[in-house]
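These notes are about the structure you will find just below.
The values are calculated or read from the model by the stated rules, or taken from the named source; none is laboratory data. Computed from a predicted model, the values in this text were never measured in an experiment. Neighbour counts run over all protein chains shown; Cβ positions are idealised from the backbone, glycine included.
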Amino acid sequence: MHGGNRKGVRRTLACYPYSSPMITQMKIAAKILIVDDTPKNVKLLADLLTAKGYAVMTAASGGEALARLEVEKPDLVLLDVVMPEMSGYEVCRKIRQNPANGILPVVMVTALDPGEERVKGLEAGADDFLGKPINQAELLARVRSLLRIKELYDTVQTQAAQLSEWNKTLEQRVQEQLEQLERLGRLKRFFSPQLAELILSGGAEDPLKSHRREVTVVFLDLRGFTAFAEISEPEEVMGVLREYHAEMGKLILSHEGTLERFAGDGIMIFFNDPAPVPNPEERAIRMALAMRERVEELAAGWRKRDYDLGFGVGIAQGYATIGGIGFEGRWDYGAIGTVCNLAARLCAEAKPDQVLIPQRLLGKVESLIEAEAIGELTLKGFHRAVSAYNILRLKSL
């Protein structure tokens, strides 16, 4: 068994409105159980994790792992899939049979086909999956992420018990913290993957706090959608939206955009927040052109069903105020500012298959694209006419 040293003092949760020496705990090294029947694999993982300050214990079989689990109470399990007598899947299922291990992170490790094995691992109750040979940076990143979530859960549970004993009048506050933890687990339903990961990883003290940042905003919708919705059955309308949203969503994620909202056929995306990204203007343009190409493919199928729908986009760059918008129980992550209005107004002016940008943005990306002048547009809410350009294509390198 490899040991770790005690280090530091764990501070109480910042979200508590007070602090007390009673609930301050000494932080000890996280314990990781490595389960693998191949000694050289165990040594490689153990040496790496020990060097990073983790307390490491090992087991050479599934039975030994389950026995050590009950005694040692590890904080995370690295579990090989292929082992004699009892496979990693069987071990994982037995771990999950104990309610006390419901939050224990289990990472499956295998050299077999990653696609098929990942599904089997998730069905067995695993939290994550690593392929062999092990990528050390990926391993350490996943271990840190899973331990951070478990530590938060354990801290809330421990403090809830201590506060209940200290003063029964604090039960309401403890309940609020448990509800906050539950909301944290649902973040990915409401926020973009980047924002959810930022919160879960502790990358910002308060990512929902209003802040100002330069962003590139993309607004898009379908031409003719209102007329289509008026004459079509609700099932037809929802079918088109499902196709459209699914394909646009894939492209938003692949270009690392932040989805601000869906509003029927209208979609707003911005780049460079909550996590800054390199070349946000280029990402926005490449995404918009990929979307235009994909909608052309979708429209071919829609026309066979007698749906006459086009696609228009507006893109603008500038500063916006960004942060949490909503109320307790439901928060959205939104951007407000002239740049958002400009992107929306340009989108409204775009004819089918046009991607409109203002002169200011053209000056930053003219080496990347071929564009045609549309002329001066009088946009609602803007005192001066806006010189607009339609992006035709990316320039050939």
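Cβ-Cβ contacts under 7 Å between residues 6 or more apart (or on different chains), taken from a first residue in region 140-158 that is closer than 15 Å to Ala126 by Cα to a second residue that is surrounded by fewer than 16 Cβ atoms within 10 Å (Cβ to Cβ) and not small (Gly, Ala, Ser), are listed as Lys150/Ile103. Residue pairs whose Cβ atoms lie under 7 Å apart, separated by 6 or more positions or on different chains, with the first residue in region 238-261 and assigned by TED's automatic domain parsing to the domain that holds Trp302 and the second assigned to a helix (DSSP H, G or I) and surrounded by fewer than 16 Cβ atoms within 10 Å (Cβ to Cβ), are Leu253/Pro193.
Of the residues making up region 300-333, those that are surrounded by 16 or more Cβ atoms within 10 Å (Cβ to Cβ) and among the hydroxyl-bearing types (Ser, Thr, Tyr) are Tyr307, Tyr333. Taken together, the criteria exclude Arg303 from residues that are of a type in the set (Lys, Arg) and within 16 Å of Leu220 (Cβ to Cβ).
Might you let me know whether region 91-113 holds any residue that is part of a helix (DSSP H, G or I), without any contact (Cβ under 8 Å) to a residue 40 or more places away in the chain and under 22 Å from the mean Cα position of the chain (by Cα)? No - not one qualifying residue is present in region 91-113.
Conditions tested, residue by residue: (1) part of a strand (DSSP E or B); (2) on the phi < 0 side of the Ramachandran plot; (3) at pLDDT below 95.
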{"position": "Trp331", "(1), (2), (3)": "yes, yes, yes"}
{"position": "Ala343", "(1), (2), (3)": "no, yes, no"}
{"position": "Cys347", "(1), (2), (3)": "no, yes, no"}
{"position": "Ile357", "(1), (2), (3)": "yes, yes, no"}
{"position": "Gly363", "(1), (2), (3)": "no, yes, yes"}
{"position": "Ala371", "(1), (2), (3)": "yes, yes, no"}
{"position": "Gly381", "(1), (2), (3)": "no, no, yes"}
{"position": "Asn390", "(1), (2), (3)": "yes, yes, no"}
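Name the helices (runs of 4 or more DSSP H) wholly inside region 139-245 in which the number of residues that are at pLDDT below 65 is 3 or more.
Values: elements: 171-185, 187-190, 193-200, 225-231.
Here the list reads 171-185, 187-190, 193-200.
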